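This report concerns only the one structure given below.
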Amino acid sequence: MTPLPFDPSASGPLLAGAVVATVASLWLLLPNGRDTRSARWLGTLLGLAALAAFILAGRRLGGLGEEAVFLIVSLVAVVSAAATIVSRSPVYAAIWFALTLAGVAGVLLVLGAQFLGVATIVVYAGAILVMFLFVLMLAQPAGLAPYDRVSNEPFLSALAGAVLLGVLSLSIGRLSAAPAACCGVPSRATATPTTGTPPSSTVDGEPTAAPVADALATATDPLAENHVARLGGELFGRHLVAVEAAGVLLLVALIGAIAVVSRGEAALAGEAIASRPAADRSSAR
Amino acid sequence: MNTMQSLPLLQNALTVGAILFSLGLVGILTRRNLIVMFLAAEMMLQGISVSLVAWSRYHGDWGGHVLVIFVLTVAACEAAVALVFVLQAFSRTGRLDSAAWQSLREATVGRTVDHELPSIDTVPPRFPTLTPAGILPAADENEPLQREHV
Amino acid sequence: MQEFSPSTLLALVPLLPLAGAILTVLLGRQLGAKAHLPAIAGIAGAAAVAVMLLVATARDVAPADGVHAEPVRPVEMIATLWNWATFDSAYAPPPGSPAADTRLSPQELAAGKDARAFSIPVALRLDPLTATMLTIITCVGLLVAIYSTGYMHDDPGYPRFFALVAMFVFSMSMLVAASNFLLVYVFWEAVGACSYLLIGFWFTKPEAARAAKKAFLVNRIGDFGLAIAVFLLWMTYGTLDFHDTISSDGVIMPGILGQTRLADAAGYVGGVLGTAICLLLLLAACGKSAQLPLHVWLPDAMEGPTPASALIHAATMVTAGIYLITRSAPLFAACPGALTVVSIVGATTALVAALIGTVQNDLKRVLAYSTISQLGYMFASLGTGTMLGFTAAIFHLLTHACFKALLFLGAGSVMHAMGGVIDMRRFGGLRRVMPITAATFLVGAAALAGVAPFAGFFSKDEILAALHAKAWPAAHGDHHASATAGEAFHLASFASDSAQSAGVAVGLDALDRPETWQILFWMSLITAGLTAFYTFRAVFMTFTGPTRVPEGAHGHGHSHDAGHADHGHDSHHGHDGHLADSYESPWAMTLPLVILAVPSALIGWLLFSTNWLAHFLSATPSLTAPAVAATATPHAFHMNLAIQGTLAAAIGIVVAAIGHLGQRSDGPQLERFLGPLQTLFSNTFYFDQIYSALVVRPLEGLALVAALFDRYVIDGTVDAIAGIPVALGGIVRRSQSGLLQRYALAGVMGVLAIVVLLAWQLRG
């Protein structure tokens, strides 16, 4: 039906190169015992090269969508994500993660998910990240702990992540608008003609079907107006039981956390009384 | 909705989600600090959220949005409970090191111990010096009020 | 008892001791000191029935009429108990073999039309030979069992002993009553097993266990010969039955020793095949009857209890070989070379064993070698192939059973009284303190030595007569005609299978010359002298001279200590000055001695003067074969042979008297005059050492190789195979480091592998 806008064979080597560059850069950047500035520079360069290769492969995979804004926010998200995982100091990693969240929120907003973009900032950056920072303040020793300066199997992990990324990119690149030959499940998007022109009333039966389908599609389209209201309607309409269950889950998690903490404290108190000379246990707090 | 134009958008968004997911995966497998591990897990969830919303936009329905909301909820619960356990682990071993817990190993395998790491170029801590009693201690404006390394 | 049919009575003879054995096994522990009752009851019942059967069979034998006997009508009764196994169409005899059905043409035979079934009936037979053997076995068995109640009185294995004795009597009775070669083989093995169990009765003693093993293994060599012989017999004759059987369609199947085949002049195969069968049967007989070269087990078998030695290694089991050859007389008659070999083996064994016996100091060993020697006499007599030879052998078997059992039981009595000591140099002059034992032992010794008119004199005389007749045929002038007739029968059976008479058979037959028999005769005569010598040497050393007893001897009689009030078995630590009044054994042991002394003294003269036994045995089907029956000679007393025999015995006794009569038994021995020969004799001609070097050592080496192969190659391979998972596990185990991130990494890599594989499959 639709001529595929890309040539799978041409983007193959580009993706492969991107994958290799990702592996090398991650391996160099991840914390290990010997950290030299040259290694870090080289890793950064390779990472940027990998990113460029991904972008180029994406370009060949067809268009850039809402080009500029999307590119900027996605770059922010990706670079911050990489920085999160290679930072040696966990506090820096948390800060970089906050920036990643900002980028992700931007991507979500570009995709038209108004509520979710804001919810990401509020819940993640506002609540979860702050909790992490609290724990870090409680538990992180001064300076860089030895376990922050080493990684666990950096090469194999980088290889696994990069290969996964390559396979995913390949699969993404081979998405097509035609329904899959095996399954025959039409996407709702194919209900409208592919050329983009409004439906012409050729037959009597069709014009009546098209506006109805169009109205139906518009009603559920996230991009239409009253986004949040309709999202709420959807949630509390079709997914009421799940919402209630999520509420119960939150309550249970809250109670459980308090229970575990209080029992743990009681046990610790008992241990402290039982073994006074073992002072290193409670000295860390 | 213009499927011809939204397919590239979908693909790009999915690529971003894939990158976030992969980076998060590498972070979990690699970093030894428990908090950074959880940060990476949250990053994986972010990637998933982006992918779900992209699909939702492509198909033009609410399914992905709803699922992302629930993912958010569960992530919050998970973070709370996980941090409780992190604190419990910390109180037992005194550090936030995932390699501190090796009891699952085989009896014949020895404990994995870190190699000696070269010293880092940190600023040696400067401890305050006590002035003799009765003398007002000299104030140093250049002395930073907060510690420089975290 | 009139309502019992003869076949029922015949079946009772083995079954009563079997029931006794089973009851002893089941109830032995409860019965305790009375554990001998079931066994003795069973054997006594069997003995009574055997005597009844003997009388009944004797009535059936036609009475003798005059000097030249016509061929006696064979007497036999077959009782088939049940059919053990049947294999249909098992065998199609080749054309021309004695088993072939002559009614069919050669083409039909080649086509296999004659395929017949192979069946093994459990059939018992009753004929004069069997009746005689059964009487000997059960009566001697009964006396030995009664004796054992005294001898084994304090032994913890008391019930086990009687169970074994009863089991042995059952097995031996079945052996001589079986009418099928396969059954004979089965019970041949059974008596070997009973012998093993009895020799190794005190199995905690290493020498006894070793001796039992040696006996069984040497017997096994003989059993191998018997097995091959059975195979060859079946292939040649198409059946294993002794008797004729009638198949379902009325056809008579001739048994190997059945009357149909016996009457057939060409019924038996000669030549190479026949000689092979006969030599294999001889091998089996050598194993069981302890002839050269398989005699090495009998002296060691003296480790067993003395009653067991008396029963099975003197009177009954070792006579199984004699029985087998006598039963197979028609087979041997077709192969004169084999017969000569039998005699050579027998005479050589007799001489060698007698020489060894002259230097033994252990009383039981003297008697053991004496047994070997006397069995050699019987074989020598069998090998003459004449009616006189066969009947003389059985006659000697009968008298030998009586006096050898007597001698062994007497030795047991001495051993029991001397507290387990049997070395003759440690005691002496016992006639004063063990009068009954001494008197009966003297009777037995005289019988053994061949002193007239005791039993052994007559039987030995008959054997010498048989040998003499073969050595100097012209001297037995008026028997020449029958001898030629006998030879004619030999030649007739020879000619029937001219295709097979070649090679070895002709070579062996060349031995059958008068010169050979003359040498054998002189060997036997010398052996007679040696027999008398060593027998009376033993008698003089044990019972004459100053009275000495070793420490620990069981004496009774309160000579100077009236305080002990036990049953009369005080343990006097006897130095010479502290002799008890009497060391005689209890009546349970001396009564059988007295009972056995009677036939040892009288039975020889009785049976010889009436010629009853020879006539009775000539009605045995095997001995009615024309080849054997034609050699029958009228009964005569050969005065010159009697003189020669008595002279030899007298010389032996005189030399023994010079050396040992009245002397201390541990004084200087006569054999110091032998010089180096004494070493040779006392080391039993180094047979054990030769066997050890030729057979035992290589086998041990082979066993060592096999053991090493098993341990290092087979076990090594298995261990290596078993070690592979362990090694693999050790390698894989190192990945279980306890670090969760590594586990997660492994999981991720696995998932990645699957994803990549799927993507690869789904590409394009």
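Residues of region B:15-27 being within 7 Å of another protein chain (Cβ to nearest Cβ), crowded, with 24+ Cβ neighbours inside 10 Å and not hydroxyl-bearing (Ser, Thr, Tyr), which ones? Full working, then the answer.
Residues of region B:15-27 within 7 Å of another protein chain (Cβ to nearest Cβ): B:15-16, B:18-20, B:22-23, B:25-27.
Next, from what is left, pick out any that are crowded, with 24+ Cβ neighbours inside 10 Å: B:15-16, B:19-20, B:22-23, B:25-27.
Selection gives B:Val16, B:Ile19, B:Leu20, B:Leu23, B:Leu25, B:Val26, B:Gly27.
Quick test for you: out of B:Val68, B:Val50, pick the one residue that is within 30 Å of A:Leu175 (Cα to Cα) and either in contact with a Gly (Cβ under 7 Å, 6 or more places away or on another chain) or not in a helix (DSSP H, G or I) (or both).
One residue alone meets the criteria, B:Val50.
Go through region C:527-560 and give me each residue that's within 21 Å of C:Pro435 (Cβ to Cβ) and modelled with pLDDT under 80.
C:Ala553, C:His554, C:Gly555, C:His556, C:Gly557, C:His558, C:Ser559
For region B:93-114, which residues satisfy the criterion of being within 7 Å of chain C (Cβ to nearest Cβ) and either without any contact (Cβ under 8 Å) to a residue 12 or more places away in the chain or loosely packed, with under 13 Cβ neighbours inside 10 Å (or both)?
B:Gln102, B:Ser103, B:Leu104, B:Arg105, B:Glu106, B:Thr108, B:Val109
Just to be sure before I move on: is C:Ser343 among the hydroxyl-bearing types (Ser, Thr, Tyr), surrounded by 24 or more Cβ atoms within 10 Å (Cβ to Cβ) and under 20 Å from C:Ala528 (Cα atoms) in the structure I sent?
On the way: among the hydroxyl-bearing types (Ser, Thr, Tyr): yes; surrounded by 24 or more Cβ atoms within 10 Å (Cβ to Cβ): yes; under 20 Å from C:Ala528 (Cα atoms): yes.
Judged against the criteria, C:Ser343 is a match.
Matching residues to (1) under 30 Å from A:Arg174 (Cβ atoms); (2) surrounded by 12 or more Cβ atoms within 10 Å (Cβ to Cβ):
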position: C:Gly716; (1), (2): no, yes
position: C:Ala720; (1), (2): no, no
position: C:Ile754; (1), (2): yes, no
position: C:Ala759; (1), (2): yes, yes
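Limited to region A:154-165, what total is found for residues that are more than 7 Å from chain B (Cβ to nearest Cβ) and over 20 Å from the mean Cα position of the chain (by Cα)?
Qualifying residue count for the region: 2.
Can you find a residue that is over 14 Å from B:Ser49 (Cβ atoms), facing chain B (nearest Cβ under 9 Å) and in contact with a helix residue (DSSP H, G or I) (Cβ under 6 Å, 6 or more places away or on another chain) anywhere in region A:97-110?
yes
Looking at region C:426-438 only, could you name the residues that are farther than 15 Å from C:Ala411 by Cβ, surrounded by fewer than 18 Cβ atoms within 10 Å (Cβ to Cβ) and either under 33 Å from the mean Cα position of the chain (by Cα) or of a type in the set (A, V, I, L, M) (or both)?
C:Pro435 - this is the single residue of region C:426-438 that is farther than 15 Å from C:Ala411 by Cβ, surrounded by fewer than 18 Cβ atoms within 10 Å (Cβ to Cβ) and either under 33 Å from the mean Cα position of the chain (by Cα) or of a type in the set (A, V, I, L, M) (or both).
Kindly check whether there is at least one residue in region B:74-92 that is in contact (Cβ under 8 Å) with a residue 60 or more places away in the chain and within 14 Å of chain C (Cβ to nearest Cβ). Step through it out loud before you land on a result.
Keep residues of region B:74-92 that are in contact (Cβ under 8 Å) with a residue 60 or more places away in the chain, which gives none.
Among the residues of region B:74-92, not one is in contact (Cβ under 8 Å) with a residue 60 or more places away in the chain and within 14 Å of chain C (Cβ to nearest Cβ), which makes the answer no.
Is it the case that some residue within region C:59-71 is within 35 Å of the chain's Cα centre (by Cα), among the basic types (Lys, Arg) and modelled with pLDDT under 80?
no
Any residue in region C:429-449 that is under 22 Å from C:Ala650 (Cβ atoms) sitting within a Cβ distance under 9 Å of a residue that is outside any helix (DSSP H, G or I) and of a type in the set (Phe, Trp, Tyr)? List the pairs, counting only those 6 or more apart or interchain.
From residues that are under 22 Å from C:Ala650 (Cβ atoms), the pairs are C:Val443/C:Phe454; C:Gly444/C:Phe454; C:Ala446/C:Phe454; C:Ala447/C:Phe454; C:Leu448/C:Phe454.
State which residue pairs qualify: first residue over 18 Å from B:Ala82 (Cα atoms) and inside region A:237-252, second residue surrounded by 11 or more Cβ atoms within 10 Å (Cβ to Cβ) in any location, beta carbons under 6 Å apart, and separation of 6 or more residues or different chains.
Final answer for the pair search is A:His239/B:Val66; A:Val243/A:Leu235.
Please indicate, with yes or no, whether at least one residue in region B:47-60 is facing chain A (nearest Cβ under 7 Å), over 11 Å from the mean Cα position of the chain (by Cα) and of a type in the set (Phe, Trp, Tyr).
yes
Which ones in region C:227-248 are out of contact with any Lys or Arg (no Cβ under 9 Å at 6 or more places or on another chain) and under 24 Å from C:Leu283 (Cβ atoms)?
Narrowing region C:227-248 to residues out of contact with any Lys or Arg (no Cβ under 9 Å at 6 or more places or on another chain): C:227-236, C:240-241, C:245-246, C:248.
Listed by number, the residues that qualify are C:Ala227, C:Ile228, C:Ala229, C:Val230, C:Phe231, C:Leu232, C:Leu233, C:Trp234, C:Met235, C:Thr236, C:Leu240, C:Asp241.
If we keep just the residues of region A:125-152 that are at the interface with chain B (Cβ under 7 Å from one of its Cβ atoms) and within 30 Å of A:Ala18 (Cβ to Cβ), which is surrounded by the fewest Cβ atoms within 10 Å (Cβ to Cβ)?
Among them, the one singled out is A:Arg149.
The values are calculated or read from the model by the stated rules, or taken from the named source; none is laboratory data. Please read all numbers here as calculations on a predicted model, not as lab measurements. In this analysis, Cβ positions are derived from the backbone assuming ideal geometry, glycine residues included, and neighbour counts consider all displayed protein chains.
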